[in-house]
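Student: Attaching a single structure in structure tokens format; questions to follow.
The values are calculated or read from the model by the stated rules, or taken from the named source; none is laboratory data. It should be emphasised that the depicted structure is a prediction, and the values quoted were computed from it without experimental measurement. Heads up, the Cβs are rebuilt from the backbone with ideal geometry, glycines too, and the neighbour counts pull from every protein chain shown. What goes into the accessible areas is simple: the full protein's heavy atoms, side chains included, and nothing from ligands, DNA or RNA. Shrake-Rupley method; radii C 1.70, N 1.55, O 1.52, S 1.80 Å.
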Amino acid sequence: MNLKVSLLVAAIAVAVSGSAVPTSPPRPVAPAKLDNPNLFPVSVFYGKPEHAAQLKDIGVNVYQNAEHDGSSMASITDTGMLVIAGDEWTRAEVGNNAGVVGWSTYDECDMGLGCSGSTTQQNLAQMQQLAATLRSYKDGRPVMANYSKGILGTWWASGTMNGFMSAVDFASADNYAYTSPPVDDAVTASPAWPAGASAATSAAYGWQVDRMRSYQATPGVKPNWVFVESARPYLTESNAKTITPADGGCHVVRHHPRGPGHQYLPAQQRPRVRELLAGGHPR
């Protein structure tokens, strides 16, 4: 299984949960935990419920969306895994589960995916409406979105990316510059990318955080995180590459308060992560 692993790379100690206002269904038993200064979120995108214990064992502590395969939400959170629930999960299924720490909106709506508008303005309106609906639950859970090429400043989300970023409490991006030649080309086409520099580098991932911040009125107040592909997510692309442990499967990109080069995963967990990246995870 290729794990789509993400690292939260900015402002992790900033409180992102809303006020706790009783409603039906009731607010979580405990406040949202992503603003815990002792927690550095390391997540997978659309994790399988059955893998929660194994992923928790190697240092993953958040599911950004979880597959809705008939398993209960408790089967995930009872392992200690935190979950940002996607729209496949109903309010009743989430209930007052304290391990559900946020709500996820459309995926890549900045590119017209997930949402269904005919224009970027219509897509933004849909994002704002969904975020408003999720906040109306008043359950203390922050609202997030995953974005993609809209942050590049080219032809996607032209004139609306500021609105997409302000619509949510925190955001992520998933441009796989290291392994995907077309994404590499899209990144280097950005007017914000250094002329002549290759995008197939770990710096491209920290740069994506800079790009998200560039669309925020108060950069650093709302957390931004970036997905780093753990292998090769685009299997059929010509000349696509695979990230290996030696390439940096356990390495950091940039933008951590402790400074460049800080390793997010505890030392004792890195050998197991390298094993999984090399194909040691059961399918």
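Student: Failed condition for His68, given (1) open to solvent by 40 Å² or more (accessible area, probe 1.4 Å); (2) out of contact with any Phe, Trp or Tyr (no Cβ under 8 Å at 6 or more places or on another chain), with all others met?
Tutor: His68 satisfies all of (1) open to solvent by 40 Å² or more (accessible area, probe 1.4 Å); (2) out of contact with any Phe, Trp or Tyr (no Cβ under 8 Å at 6 or more places or on another chain) except (2).
Student: Which residue, of Met144, Met81, is within 17 Å of the chain's Cα centre (by Cα) and more than 20 Å from Met165 (Cα to Cα)?
Tutor: Numbers: Met144 fails: more than 20 Å from Met165 (Cα to Cα).
The unique qualifying residue is Met81.
Student: When you go through Ala199, Ala186 one by one, which is the residue that is free of Cβ contacts under 8 Å to residues at least 24 places away in the same chain, open to solvent by less than 20 Å² (accessible area, probe 1.4 Å), in contact with a helix residue (DSSP H, G or I) (Cβ under 8 Å, 6 or more places away or on another chain) and small (Gly, Ala, Ser)? Explain how you work it out, then say what you get.
Tutor: Details: Ala186 fails: free of Cβ contacts under 8 Å to residues at least 24 places away in the same chain.
None of the other options fit; the residue is Ala199.
Student: Shifting gears a bit: Restricting the search to the stretch 34-48, which residues are without any contact (Cβ under 8 Å) to a residue 60 or more places away in the chain, in a loop (DSSP other than H, G, I, E, B) and touching a strand residue (DSSP E or B) at 6+ places or on another chain (Cβ under 7 Å)?
Tutor: Correct list: empty.
Student: Mind listing just one residue for me: the one in the stretch 129-164 that is modelled with pLDDT of 95 or more and among the charged types (D, E, K, R) and, of those, most open to solvent (accessible area, probe 1.4 Å)?
Tutor: Among those that are modelled with pLDDT of 95 or more and among the charged types (D, E, K, R), it is Arg135.
Student: OK, next. If Gln126 satisfies all but one of (1) of a type outside the set (Ser, Thr, Tyr); (2) open to solvent by 30 Å² or more (accessible area, probe 1.4 Å); (3) closer than 20 Å to Gly150 by Cβ; (4) not in a helix (DSSP H, G or I), what's the number of the condition it fails?
Tutor: Unmet for Gln126, out of (1) of a type outside the set (Ser, Thr, Tyr); (2) open to solvent by 30 Å² or more (accessible area, probe 1.4 Å); (3) closer than 20 Å to Gly150 by Cβ; (4) not in a helix (DSSP H, G or I): (4).
Student: Further question on the same structure: For the list (1) under 25 Å from Pro223 (Cα atoms); (2) of a type outside the set (D, E, K, R); (3) in contact with a strand residue (DSSP E or B) (Cβ under 9 Å, 6 or more places away or on another chain); (4) touching a residue at least 40 places away in the same chain (Cβ under 8 Å), I need the number of the one condition that His51 fails.
Tutor: Only one criterion is unmet by His51, namely (1).
Student: Still on this structure: Could you count how many residues in the stretch 65-96 are part of a loop (DSSP other than H, G, I, E, B), more than 14 Å from Glu50 (Cα to Cα) and hydrophobic (A, V, I, L, M, F, W, C)? Lay out the reasoning, then the answer.
Tutor: Applying the first criterion (part of a loop (DSSP other than H, G, I, E, B)) to the stretch 65-96 yields 67-72, 78-81, 86-90, 95-96.
So of that shortlist, the ones also more than 14 Å from Glu50 (Cα to Cα) come out as 86-90, 95-96.
Of the ones still in play, those that are also hydrophobic (A, V, I, L, M, F, W, C) are 89.
Residues in the stretch 65-96 being part of a loop (DSSP other than H, G, I, E, B), more than 14 Å from Glu50 (Cα to Cα) and hydrophobic (A, V, I, L, M, F, W, C): 1 in total.
Student: Against the definition (more than 17 Å from the chain's Cα centre (by Cα) and more than 26 Å from Thr119 (Cα to Cα)), how does Thr201 come out, yes or no? It would help to see each step written out before you state the result.
Tutor: Numbers: more than 17 Å from the chain's Cα centre (by Cα): yes; more than 26 Å from Thr119 (Cα to Cα): yes.
Judged against the criteria, Thr201 is a match.
Student: Could you grab the pairs with beta carbons closer than 8 Å, sequence gap of 6+ or different chains, first residue in the stretch 116-127 and without any contact (Cβ under 8 Å) to a residue 40 or more places away in the chain and among the β-branched types (Val, Ile, Thr), second one open to solvent by less than 20 Å² (accessible area, probe 1.4 Å) and part of a helix (DSSP H, G or I)?
Tutor: From the stretch 116-127, no pairs qualify.
Student: Can you name every residue in the stretch 162-198 that is within 17 Å of the chain's Cα centre (by Cα) and either of a type in the set (D, E, K, R) or outside any loop (DSSP other than H, G, I, E, B) (or both)? Don't jump to the end; show me each part of the working.
Tutor: Taking the stretch 162-198 first, the residues within 17 Å of the chain's Cα centre (by Cα) are 164-177.
Phe164, Met165, Ser166, Asp169, Phe170, Ala171, Ser172, Ala173, Asp174 - these are the residues of the stretch 162-198 that are within 17 Å of the chain's Cα centre (by Cα) and either of a type in the set (D, E, K, R) or outside any loop (DSSP other than H, G, I, E, B) (or both).
Student: Limited to the stretch 205-227, what total is found for residues that are out of contact with any helix residue (DSSP H, G or I) (no Cβ under 6 Å at 6 or more places or on another chain), open to solvent by less than 30 Å² (accessible area, probe 1.4 Å) and either in a helix (DSSP H, G or I) or closer than 16 Å to Lys149 by Cα (or both)?
Tutor: Qualifying residue count, the stretch 205-227: 7.
Student: Count, please, the residues in the stretch 230-259 that happen to be buried (at least 19 other Cβ atoms within 10 Å of the Cβ) and modelled with pLDDT of 85 or more.
Tutor: 0
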